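I have placed the structure first, in the form of structure tokens, so that the comments after it can refer back to it.
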Amino acid sequence: MNEDAKKMVMNSSLYREFLAEREEILRHKWLESEKAGYDIGFERALLDWIVKHRSNWRKNRRPSSPGKSQ
């Protein structure tokens with residue numbers, strides 16, 4: 001991948017959303033691992049986070065439309 005393409009990807013809103021979601025999953029993994037007393041692993045944390053938190057997280061990340069109250 002050339003430098004221009006790399007910059008375009010890294011500056012895209014889709015990539016920024018991916019990074020933000022990944023950060024939330026890693027935070028969830030850490031919290032759940034602390035509760036369990038052992039590393040639960042990324043896959044388990046990912047699936048658990050998707051089921052329990054993803055839809056609310058996405059809803060809260062969406063910018064509100066102009067003129068719409070929340």
Worksheet item: What does the helix-only formula give at 222 nm for the chain: each DSSP H stretch with n ≥ 4 adding -39500 (n - 2.57), the total divided by the residues, and the result rounded to the nearest 500 deg cm²/dmol?
Response: -23000 deg cm²/dmol
Worksheet item: Calculated from the structure, mean projected area of the Cα convex hull in nm² equals which of (i) 6.9; (ii) 4.6; (iii) 5.1?
Response: (i)
Fill in: Difference of contour (0.36 nm per residue) and Cα-Cα distance, ASN2 to GLU24
5.0 nm
Worksheet item: So for PHE42, PHE18, what's the accessible-area order with a 1.4 Å probe, most first?
Response: PHE18, PHE42
Worksheet item: How big is the charge dipole of the chain about its Cα centre, in debye rounded to the nearest 20, if each Lys and Arg gets +1 on its Cβ and each Asp and Glu gets -1 on its Cβ?
Response: 420 debye
Worksheet entry | Euclidean distance of C-alpha centroids, the range 38-57 and the range 1-22, integer Å | 23 Å
Worksheet, complete the sentence: Dividing the mean separation of Cα pairs under 8 Å (6+ apart) by the residue count of the chain yields a relative contact order in percent of 19 percent
Worksheet item: Say the dipole of the chain comes from +1 at the beta carbon of Lys and Arg and -1 at that of Asp and Glu; which of LEU47, ASN60, LEU19 then lies farthest toward its positive end?
Response: ASN60
Discussion item. Please compute the per residue accessible area over the chain with all protein chains in place, 1.4 Å probe, rounded to a whole number of Å².
Written reply: 87 Å²
Fill in: Where Cα atoms sit under 28 Å apart: lysine pairs in the chain separated by 8 or more or lying on different chains
7
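The values are calculated or read from the model by the stated rules, or taken from the named source; none is laboratory data. As the structure is a computational prediction, the values presented were derived from the model and not from experiment. Please note: Cβ atoms are built from the backbone with ideal geometry, for glycine as well, and neighbour counts cover all protein chains shown. Protein only, heavy atoms only, side chains kept; ligands, DNA and RNA dropped before computing areas. Shrake-Rupley method; radii C 1.70, N 1.55, O 1.52, S 1.80 Å.
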